[in-house]
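Quick notes on the structure that follows.
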Amino acid sequence: MPEPLDRPDRLDPQGAVQAAAKRCSNWGRWGQDDRIGTLNFLDEAKRREGAGLVRRGASFSLALPFDTNGPQNGWRRRTNPVHTMLDTGTDAERGLQGFPHGLGGADDVVFMPLQCSTQWDGLGHIFDHGKAWNGRPAGDVVTSEGDLVTGIETVAALIAGRGVLLDVGRALGEHGELPDGFAVTTEHLTRTASEQGVAVGRGDLVLVRTGRLTRARRDLAAGRGWNGYAQGPAPGLSFTTADWLHDSEIAGIATDTWGFEVRPNEFEVAFQPLHQVAIPNIGLFIGEMWDLDALAADCAGDGVWEFFLTAAPIPVTGAVGAPVNPVAIK
């Protein structure tokens, strides 16, 4: 298996983040009032291009189930969804609902952290030295009332267009999976695209499969639970891909892992440093915990790695991230 290339200096996360943020900053690129970052690249023409990729009508949900059996372990108070019934068929059978002429019904409610399963990170999710996207003071953006500037509702109609799957796990891994700690570099991404015969460009929504979710499913089937899927070691994007994320002008990127970037991170003492560059400085939308396995199998079967992707987040006003049921259509 190829070794990760161009490792950053493990002893200097502060310097590496600062340098990458400066090189890759999009602050002011779309004006001082911009609220949607790299989704500016996903314009109407790009959506028409994506829609034109539908040939067979085959569709794939890329979402994990939202239930109590999900991957969360309580870290930072993130729990799995709790689904409760408010009205049931039992109530209806016993005439407890008070409706006329035999009418009955069921209603339910869900409690969940907004980033507990398949989701988008919004632009108010991560700050760099107290600054949010576009250089705004973090405290002016996100308060106790939520994200007042870049809340996830601002992009509810925008995330639909050309999707591209880069199956790095299949291209470079053993049995379609990369090992934990494998740092996916720019070279790995471009090599995978080349081998698949697909190009990545401006306005694309890029999906990167590592195989980590495949391994988690195997652990679940064997009775080992999620076995560290949430917050634990994982393959993922190398910090050194920051320039590619910026220069390629993609609109968004999502992976089949809990944290998007390689874990453990590539510095001696660090926590999610690529997030620190990508979200507040590039203005990039990041998706995590996407289920890419069925789509990847289909793409490998027909050799078509591009598709129409619609991935609108639930527009929770002021949210810094939100659940999504992404659907790829080929």
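The values are calculated or read from the model by the stated rules, or taken from the named source; none is laboratory data. Predicted model only: the values in this text are computed from it and were never measured. Cβ sites come from the backbone with ideal geometry, for glycine too, and all protein chains shown count toward neighbours. Only protein heavy atoms, including side chains, enter the accessible area calculation; ligands, DNA and RNA are left aside. Shrake-Rupley method; radii C 1.70, N 1.55, O 1.52, S 1.80 Å.
Distances between placed amide hydrogens fall under 5 Å for residue 321 paired with 122, 152, all partners being 5 or more residues away or on another chain.
Go through 299-312, 279-292 and give me the packing order, highest mean Cβ count within 10 Å leading. Write down the numbers at each step before the final one.
Numbers: 299-312: 19.1, 279-292: 26.0.
Going by the mean number of other Cβ atoms within 10 Å, highest first, we get 279-292, 299-312.
Largest GNM mean-square fluctuation across 122, 98, 163, computed for the chain with C-alpha springs under 10 Å, falls on 98. Of all the options 129, 246, 188, the one that moves most in a Gaussian network model of the chain with Cα springs shorter than 10 angstrom is 129. Residues in segment 154-249 average 34 Å² of solvent-accessible surface per residue, probe 1.4 Å, ligands and nucleic acids excluded.
The HN-Hα couplings worked out from phi for segment 225-230 by the Karplus form 6.51 cos²θ - 1.76 cosθ + 1.60 (θ = phi - 60°) are x, 7, 6, x, 4, 7 Hz, whole numbers, x standing for Gly and Pro. Subtracting the Cα-Cα distance of residue 224 and residue 77 from their residue separation scaled by 0.36 nm leaves 50.7 nm.
May I ask for the net charge around residue 104, where only other residues with Cβ less than 15 Å from the Cβ of residue 104 are counted and Lys, Arg are +1 while Asp, Glu are -1? It would help to have the intermediate numbers written out before the result.
Details: positive: 94; negative: 87, 91, 93, 107, 108.
Net charge in that neighbourhood comes out at -4.
Net charge in the neighbourhood of residue 14 (other residues with Cβ under 14 Å of its Cβ; Lys, Arg +1, Asp, Glu -1) is -3.
Over all pairs of different C-alpha atoms in segment 233-330, the reciprocal of the mean inverse distance, the Kirkwood hydrodynamic radius, equals 15.0 Å.
Per DSSP helix of 4 or more residues, -39500 (n - 2.57); summed, then divided by the residues of the chain. What does that give at 222 nm, rounded to the nearest 500? If you can, show how the numbers build up before the last one.
Values: 10 runs with 76 residues, N = 330.
Calculated mean residue ellipticity at 222 nm is -6000 deg cm²/dmol.
At 0.36 nm per residue, minus the direct Cα-Cα distance, what do residue 194 and residue 175 gain on full extension? Give it in nm, one decimal, please.
Working it through step by step, the gained length comes to 4.9 nm.
In straight-distance terms, cross-link reach from residue 330 covers every one of the lysines whose alpha-carbon lies under 21 Å from its own, apart from those fewer than eight places away in the same chain; here that gives 46.
Shape index of segment 115-180: Rg/Rh, with Rg the Cα radius of gyration and Rh the Kirkwood radius from the inverse mean 1/r over Cα pairs, equals 1.14.
Per atom type, the chain shows carbon and sulfur on 52% of its accessible surface, probed at 1.4 Å. Dimensions of the chain based on its C-alpha atoms, expressed as ranges along the principal axes with the largest first, amount to 70, 48, 42 Å.
Full-extension gain between residue 51 and residue 90, please, as 0.36 nm times their residue separation minus the C-alpha to C-alpha distance. All intermediate terms of the calculation are to be shown ahead of the outcome.
On the way: separation 39, 0.36 × 39 = 14.04 nm, distance 4.43 nm.
Gain on extension, residue 51 to residue 90, equals 9.6 nm.
Taking amide hydrogens as placed 1.01 Å from N in the peptide plane, the amide H of residue 263 sits under 5 Å from those of 181, 234, 236, each at least 5 positions away in sequence or on another chain. Taking only alpha carbon atoms, segment 3-154 gives an Rg to Rh ratio of 1.11, where Rh is the Kirkwood radius. All alpha carbon pair distances within segment 67-193 were sorted into 10 Å bins beginning at 0; the resulting P(r) in whole percents reads 10, 19, 27, 25, 12, 7, 1.
Taking the Cβ of residue 263 as the centre, find all other residues whose Cβ is under 13 Å away and add up their charges (Lys, Arg: +1; Asp, Glu: -1). Spell out each step's value before the answer.
Details: positive: 212; negative: 180, 261, 266, 288.
Result for the neighbourhood of residue 263: -3.
In whole angstrom, segment 188-283 maps to an equivalent ellipsoid with semi-axes of 25, 18, 11, each derived as √(5λ) from the alpha carbon gyration tensor and ordered largest first.
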